[in-house]
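The values are calculated or read from the model by the stated rules, or taken from the named source; none is laboratory data. On a predicted model such as this, the values are computed, not experimentally measured, just so you know. Glycine also receives a Cβ, built like all others from the backbone with ideal geometry; neighbour counts cover every protein chain displayed. Please note that ligands, DNA and RNA were not included when accessible areas were found on the heavy atoms of the full protein model with its side chains. Shrake-Rupley method; radii C 1.70, N 1.55, O 1.52, S 1.80 Å.
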Amino acid sequence: MRLVEEVLNQLPGDVFGGLQKCDRLLTSLRENTAPIPQVVSQSNLHLETIDWDVVICGGTLGILIGCALVKRGLRVALLERGVLRGREQEWNISRSELEVFLELDLLSQQELVNVIATEYNPARVSFLGGTEVCVQDVLNIGVDPVYLLETLKNKFLAAGGKLFENTAFDCAVVHPNGVLISHTFSTRLLLDAMGSFSPIVGQARQAKKPDGICLVVGSCAQGFAPNSTGDLLASFTPVLNNCQYFWEAFPAKDGRTTYLFTYMDLNAQHIGIETLFAEYLRLLPEYQGVLLNQLQIQRALFGFFPAYRQQLYFPWGRILPIGDSSGNQSPLSFGGFGSMVRHLKRLTLGISEALATEQLSAPALKLLQPYQPNLSVTWLFQKAMRVGVGQKLNPNQINTLLSAVFAQMQQLGEPVLKPFLQDVVQFSGLTQTLLKTALNYPLLIAQVIPQVGIVSLFDWMWHYINLGLYTVLFKLGSKLLKRVKYISPAEQYYYHRMLDKWQYGSGYDLY
Ligand SMILES: Cc1cc2nc3c(=O)[nH]c(=O)nc-3n(C[C@H](O)[C@H](O)[C@H](O)COP(=O)(O)OP(=O)(O)OC[C@H]3O[C@@H](n4cnc5c(N)ncnc54)[C@H](O)[C@@H]3O)c2cc1C
């Protein structure tokens with residue numbers, strides 16, 4: 001552990017202290033010791049005046065939707081507890097997903113070019129002693145968060161949005177005609193963009209423990225041999241410390257980024273962030289063929305992502321979670337920026353329509369947080385990629401399983417492989433992959449069943465059936481429903497949400 005402290009203390013700021021704080025937060029989540037926040041209450045009285053259509057609390061991804069809504073003529077305020085500024089470390093995404101910024105008129109062509117800090121090809125997927133797959137143009141674009149957020153902030157202000165920095169959300173009272181935030185800001189709708197640890201989410205979930213968690217550590221460093229390729233998912237060790245370690249690597253603006261991540265349940269006996277960082281420093285030389293002392297580390301990266309199987313719904317009207325607080329990101333990749341970008345058009349149009357038609361009750365807003373079977377099916381995959389404390393497992397089982405599955409996907413070709421790697425699971429690709437894997441490796445599949453458990457398997461089947469159903473409904477139902485005419489604006493709100501639900505829930509938003 002002393003090496004972790006030594007390495008992190010060479011960086012500006014108290015990075016080691018930050019890592020220890022992160023570990024303490026992880027421990028309190030595992031032990032469920034944090035008090036349940038009480039920040040939202042309700043009142044039957046009407047507010048006298050309402051100053052805003054939308055108040056967004058939390059600026060990182062909040063500014064994306066803030067900018068889109070203010071451009072549609074809505075009165076929008078954004079509260080950020082610190083200063084609104086993107087992080088230095090790039091967000092990875094695929095190029096086609098960025099088109100929405102042009103479509104919603106958030107960025108010009110030139111600004112979109114400027115937002116892209118790096119681009120690499122190909123990206124590799126590889127597992128110990130098994131398959132190696134290379135793909136082009138998948139999550140290979142590094143977006144510069146500093147430039148993106150600064151550009152959107154300026155557009156937001158120019159279009160009439162109001163930014164309140166160093167202004168933390170404190171509490172909210174939901175009235176019949178609006179929400180009063182921190183005793184000061186009155187609004188028709190509150191968007192909670194305060195991330196995974198939002199106090200509003202904490203209250204809504206009532207201290208429910210996450211169903212899974214992903215720990216990630218890494219760095220951006222200089223001193224590697226020139227390498228213009230990347231890894232999306234690589235593993236070169238068997239199960240160690242009750243963890244299957246996965247690696248990511250890609251060129252970055254300030255050097256090369258490398259991450260080590262692992263999935264686990266919330267058992268307190270699992271390793272923490274500091275131990276994982278020590279493992280990262282131990283294994284990085286083998287992974288990238290470099291000595292630690294050849295590297296000049298620019299910054300250290302660490303965190304953890306809680307994930308819940310149940311979709312989050314707020315019990316109050318007039319409040320909607322967006323970004324990481326919504327839990328809409330994949331439990332496999334945790335690409336919250338990518339997820340927000342993918343849902344940006346749906347949310348912009350849906351929120352505008354909810355406001356225009358006064359559909360702001362809890363059941364009406366629930367439709368903007370739809371159940372997505374294509375995400376829910378990935379839960380089983382997370383379970384198959386993690387090891388319980390004390391669980392007896394062949395140390396190479398996870399590598400062997402992933403090797404087999406990716407080999408089948410490679411044979412099925414890019415239309416199957418690429419959506420999966422972009423966090424979009426589709427019924428036909430999933431069915432073909434599972435059938436092929438089951439036929440070619442029946443023993444392997446039989447070994448996975450006790451690992452994931454029969455209950456999880458039945459739960460997965462339910463989501464899988466729904467995925468098929470949503471696919472049929474999207475393909476057939478949406479064609480029929482598009483012919484529906486002469487319905488009221490409020491009814492349109494409901495039928496647009498139904499179309500969105502089928503499209504996004506079946507993974508057909510990708511095309
Ligand atoms: C190491 C690492 C690498 C990642 N790489 C990628 C990637 O390559 N691609 C990708 O898509 N995603 C990636 N992610 C995930 C991505 O960074 C998150 O999904 C994204 O930051 C979520 O943004 P958010 O605004 O929802 O939440 P957060 O990032 O948690 O931001 C919450 C915001 O709310 C503010 N806030 C909090 N509390 C209050 C309050 N009380 N009042 C007012 N404001 C408040 C915070 O200051 C902050 O601005 C990565 C994450 C990590 C940790």
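Heavy-atom accessible area for Met498, with the other protein chains in place and a 1.4 Å probe, reaches approximately 70 Å². Listed cross-link partners Lys153/Lys345; Lys21/Lys383; Lys383/Lys475; Lys153/Lys209; Lys209/Lys345; Lys155/Lys418 are compared with a 23 Å cut-off, the Cα-Cα value being larger for Lys21/Lys383; Lys383/Lys475; Lys153/Lys209; Lys209/Lys345; Lys155/Lys418. Peptide packing: for 158-169, 349-360, the average count of neighbouring Cβ atoms within 10 Å per residue gives the ranking 349-360, 158-169, highest mean first. Modelled spin-label separation between Val83 and Leu11, with each label point placed 7 Å from Cα along the Cα-to-Cβ direction: 2.0 nm. Once the 1.4 Å probe is applied to the protein heavy atoms, region 374-505 comes out at 50 Å² accessible per residue. Residues in region 295-306 carry Karplus couplings, in order, of 9, 10, 6, 8, 7, 9, 10, 7, x, 8, 10, x Hz; the curve used is 6.51 cos²θ - 1.76 cosθ + 1.60 with θ = phi - 60°, and Gly or Pro positions show x. Net length available on complete extension from Trp462 to Lys392 is 22.5 nm, with 0.36 nm assigned per residue and the Cα-Cα distance removed. Converting the Cα gyration tensor eigenvalues of region 19-132 into ellipsoid dimensions via √(5λ) gives semi-axes, longest first, of 35, 29, 13 Å. Separation between the Phe197 and Arg282 pseudo-spin-labels, each 7 Å from Cα along Cα→Cβ, expressed in nm? Here the modelled spin labels are 2.7 nm apart.
The listed residues Lys383, Lys479, once ranked by accessible area (1.4 Å probe) with the largest placed first, stand as Lys479, Lys383.
Of the residues Ser28, Ser219, ranked by 1.4 Å probe accessible area with the largest first, the sequence reads Ser28, Ser219.
Ordering 459-471, 99-111, 138-150 by mean Cβ neighbour count within 10 Å, with the highest value first, yields 138-150, 459-471, 99-111. Close amide H contacts of Gln42 (hydrogens built in the peptide plane, cut-off under 5 Å, sequence separation of 5 or more or a different chain): Val174. Taking all protein chains as they are arranged and a probe of 1.4 Å, the heavy atoms of Arg24 leave approximately 150 Å² accessible to solvent.
Normalised size of region 269-347, defined as Cα radius of gyration per 2.2 N^0.38 Å with N residues, equals 1.56. If one takes the longest principal axis of the Cα atoms in the chain, at what angle in degrees, from 0 to 90 and to the nearest 10, does the Cα axis of helix 397-412 lie? Compared with the principal axis, the helix lies near 70 degrees.
Per-residue 3J(HN,Hα) values for region 309-324, derived from phi via the Karplus relation 6.51 cos²θ - 1.76 cosθ + 1.60 with θ = phi - 60°, read 6, 7, 5, 7, 10, 7, x, 9, x, 6, 10, 9, x, 9, x, 4 Hz in sequence order (x marks Gly and Pro). When only the Cβ of Lys, Arg, Asp and Glu is charged (+1, +1, -1, -1), the dipole of the chain relative to its Cα centre reaches about 1140 debye. Per the 1.4 Å probe, what fraction of the accessible area of the chain, in percent, lies on carbon and sulfur atoms? That fraction is 55 percent.
For the pair Leu480 and Thr357, a Förster radius of 30 Å applied to the C-beta separation gives a FRET efficiency near 0.85, rounded to the nearest 0.05. Residues Ser333, Ser96, sorted by accessible area with the largest first, give Ser96, Ser333 [1.4 Å probe; ligands and nucleic acids excluded]. In this structure, the amide hydrogen of Thr118, modeled 1.01 Å from its nitrogen in the peptide plane, lies closer than 5 angstrom to those of Gly142, counting only residues at least 5 positions away or on a different chain.
Within region 374-505, all pairs of alpha-carbon atoms sorted by distance into 10 Å bins from zero give the percentages 11, 35, 29, 15, 8, 2, 0. Length gained on full extension, Asn241 to Ala168, computed as 0.36 nm times the residue gap minus the Cα-Cα distance: 22.4 nm.
Projecting the Cα atoms of Leu510, Leu473, Val424 onto the charge dipole of region 421-511, computed from C-beta unit charges around the Cα centre, puts Leu473 farthest toward the positive end.
The Stokes-Einstein estimate for the chain, based on a Kirkwood radius over Cα pairs and taken at 37 °C with 0.692 mPa s viscosity, is a diffusion coefficient of 137 µm²/s. Note on Leu443/Gln311: beta-carbon distance plugged into 1/(1 + (r/R0)^6) with R0 of 41 Å gives a FRET efficiency of 0.70. For region 492-506, the Karplus equation 6.51 cos²θ - 1.76 cosθ + 1.60, evaluated at θ = phi - 60°, returns couplings of 4, 3, 5, 7, 5, 5, 5, 4, 4, 4, 5, 5, 6, x, 9 Hz by residue, with Gly and Pro reported as x. Measuring r between the beta carbons of Ser428 and Leu102 and using R0 = 22 Å, the FRET efficiency lands at 0.15.
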